[in-house]
Amino acid sequence: MKRREFCKTLGIAAALGTSPFIIDSCKTSSPKKTPNILFIMSDDHAAPAISAYKGFLSSVLRTPNIDRLAKEGMLFKNCFVTNSICTPSRACILTGKYSHKNGCRTLDDVFDNSQLTFPKLLQKAGYHTAVIGKWHLKTEPTGFDYYNVLPGQGDYFDPYLKEKGDPWQDGGEGGKQYKGYVTDVITDIALNYLKNRPRNKPFCLLLHHKAPHDMWEYDKKHAHLYENVDIPEPDNLFDDYQNRGEAIKRTTQKIGLEETLLLHETQGNQFDDVKSQFSKLPPREQKRQVYQTFIKAYLRCIASIDENVGRVLDYLDHSDLTENTIVVYTSDQGVFLGEHGLFDKRFMYEESIRTPLLVRYPKEIRSGSVNNDIVLNIDFAETFLDYAGVPIPDEMQGRSLRPLLQGRTPHNWRTSMYYRYWMHRPHFDVAAHYGIRTQHYKLIFYYGLPLDATGAVPEPTPPEWELFDLEKDPHEMNNVYNDPAYQDIVKQLKNELLKLKEKYDDKDEKYPDLMALRQKYW
Ligand code: CA
């Protein structure tokens, strides 16, 4: 049956009241235009550092360009990463799979670039694919018609980038040097790509910024931003870690003179002056001043990100691409901005696992909408494939966000998520752990073993549990694991955790030392 006749028949059916929704699809009978995909990701951009999230910084912070995506699209409040660290998160996003499945469990793992990724599938389906900016996966990008990426972490000023066609050298070497500030440079290259892309194909551009990763080196033009402003402190900047386990007490990622300002050293030769000036202050005031120094540097990096997001959105507007382009803004994970007195990530605590997610696609997403469902970074791949009309491979472990973006969350949407941090201790002494988060609770098991994770420290840490009642205690200040009132909840969550481990095929049975711990501590 030809399409016209088909619709006519359906029209009759609809008139009889049998099929009202099918006639709707016939109204949009013009050939479907495959959407372009612009996937912007920054590195370590916490949700409270976007004004649309209305977090504790919102009285001083303005990110009008990123906010546009919230105003014109959907803001996700509960988007989480499955392993809160750079390289592993990027591998999860590309493959739509957990770390133990894609082989990048720690920062020291090398990405196997022969495996299936969403850019490869989009490329096969006729997309022109590109990645520009931060890559951080060691092996050469595959599945991209064009790439121009920073080697390793890359530099903030006058960075080198490695372009497709140049011989690929892993690690920090190679590439061509570009003059300028890295966020501007990456955006310039991205705009150049968009202007010169082939017009006979939809595009999928991964525009990945280095900022605001430490060492928080901001563009000199923003040096005076927030100069005479007192940035608000998080409520728990002076957390004393009472009623918590040993893991948070042990970690060295604490806002302090040595730890934070040593990282800040690269801002110039101001460190010695600042250190001697701050060291004369009483401890509480000292922490306060260190926090101000750190957060101002961080927010100045964000100012550049926001300006450059604006440049790209303007380009879409002026090139008549806004309507047919899905724009995503996210980060590879969250980061502590002084909450719990911390400044890095890795932990399963909220600030670390929550990542901002804003999506605009005027054809399908109601402007100004907000979603509270639990969504994961392993969902991105399937979402892009869904929009491109590409069948989703069975091996992917996420779920397309398209129905959520259309404002209709399926009744069987996930009610819990599984998290795992593998990289036992080498950075900031964070113990290996895994756990489950629901809308109401979070249960964390710090198993504290290196197992076979690359780069892990051999010495174990004491096993322990933490349970947080997120409704009563959203800032996770009170571990109720041993509270008798929560024993039924503990049991239920442990069962659910094991189900998730089974579902994602991350079983402990292959590790006898971990199983021995479980015998004793579950
Ligand atoms: Ca990161």
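Can you work out which of the residues in the range 276-290 that are surrounded by fewer than 16 Cβ atoms within 10 Å (Cβ to Cβ) and of a type in the set (D, E, K, R) is modelled with the lowest pLDDT?
Step by step, filter the range 276-290, then rank; the result is 280.
Checking residue 293 against (1) open to solvent by 60 Å² or more (accessible area, probe 1.4 Å); (2) within 25 Å of the chain's Cα centre (by Cα); (3) at pLDDT below 95; (4) farther than 30 Å from residue 459 by Cα: exactly one of these is not met. Which one?
With respect to (1) open to solvent by 60 Å² or more (accessible area, probe 1.4 Å); (2) within 25 Å of the chain's Cα centre (by Cα); (3) at pLDDT below 95; (4) farther than 30 Å from residue 459 by Cα, residue 293 is out only on (1).
Give me a count of the residues in the range 143-153 that are at pLDDT below 95 and buried (at least 23 other Cβ atoms within 10 Å of the Cβ).
Here the count works out to 0.
For residues that are in contact with a Gly (Cβ under 9 Å, 6 or more places away or on another chain) and farther than 24 Å from residue 213 by Cα, scanning just the range 119-142, find the one that is most open to solvent (accessible area, probe 1.4 Å).
124
Give the residues of the range 482-516 that are touching a residue at least 24 places away in the same chain (Cβ under 8 Å) and more than 21 Å from residue 105 (Cα to Cα), sorted by residue number.
Passing the criteria: 489, 490, 493, 494, 496.
Considering only the range 35-90, how many residues are within 16 Å of the ligand (Cβ to nearest atom) and of a type in the set (Phe, Trp, Tyr)?
Qualifying residue count, the range 35-90: 2.
Of all residues in the range 352-366 being of a type outside the set (A, V, I, L, M, F, W, C) and closer than 20 Å to residue 248 by Cβ, which is nearest to the ligand (Cβ to nearest atom)?
352
Somewhere in the range 360-378, is a residue within 15 Å of the chain's Cα centre (by Cα) and open to solvent by 10 Å² or more (accessible area, probe 1.4 Å)?
no
What residue, among those in the range 245-269 that are under 19 Å from residue 464 (Cβ atoms) and of a type in the set (Val, Ile, Thr), is modelled with the lowest pLDDT?
In this case the residue turns out to be 252.
Suppose the filter is surrounded by fewer than 16 Cβ atoms within 10 Å (Cβ to Cβ) and part of a helix (DSSP H, G or I); does residue 509 pass it?
Yes: the conditions hold for residue 509.
Filter the range 87-118 down to the residues that are part of a helix (DSSP H, G or I) and open to solvent by 40 Å² or more (accessible area, probe 1.4 Å), then identify the one that is farthest from residue 457 (Cα to Cα).
Looking at residues that are part of a helix (DSSP H, G or I) and open to solvent by 40 Å² or more (accessible area, probe 1.4 Å), I get 101.
Here is a check on your reading of the model: is residue 143 in the same structural domain as residue 348 (by TED's automatic domain parsing), without any contact (Cβ under 8 Å) to a residue 60 or more places away in the chain, assigned to a loop (DSSP other than H, G, I, E, B) and within 16 Å of the ligand (Cβ to nearest atom)?
Taking the combined requirement at face value, the residue does not satisfy it.
Among the residues of the range 398-408, are any under 18 Å from residue 499 (Cα atoms) and either modelled with pLDDT under 95 or surrounded by 23 or more Cβ atoms within 10 Å (Cβ to Cβ) (or both)?
yes
Quickly run through the range 159-184 and pick out the residues that are hydrophobic (A, V, I, L, M, F, W, C), buried (at least 20 other Cβ atoms within 10 Å of the Cβ) and out of contact with any Pro (no Cβ under 6 Å at 6 or more places or on another chain).
Within the range 159-184, 161 is the sole residue that qualifies.
Listed here are the residues, each with its yes/no results for (1) in contact with a strand residue (DSSP E or B) (Cβ under 9 Å, 6 or more places away or on another chain); (2) crowded, with 16+ Cβ neighbours inside 10 Å.
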| site | (1), (2) |
| --- | --- |
| 455 | no, yes |
| 458 | no, no |
| 461 | yes, yes |
| 464 | yes, yes |
| 469 | yes, yes |
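List every residue pair whose Cβ atoms sit under 6 Å apart, with the two residues 6 or more apart in sequence or on different chains, where the first one lies in the range 323-351 and is over 28 Å from residue 37 (Cα atoms) and within 16 Å of the ligand (Cβ to nearest atom) and the second, anywhere, is open to solvent by less than 10 Å² (accessible area, probe 1.4 Å) and among the acidic types (Asp, Glu).
Cβ pairs passing all conditions: 349/476.
The values are calculated or read from the model by the stated rules, or taken from the named source; none is laboratory data. What you see is a predicted model; the values in this text were computed from it and never measured. With ideal geometry, Cβ positions are generated from the backbone for all residues, glycine too; neighbour counts draw on all protein chains shown. The accessibility values were calculated without ligands, DNA or RNA, using every heavy atom of the protein model including side chains. Shrake-Rupley method; radii C 1.70, N 1.55, O 1.52, S 1.80 Å.
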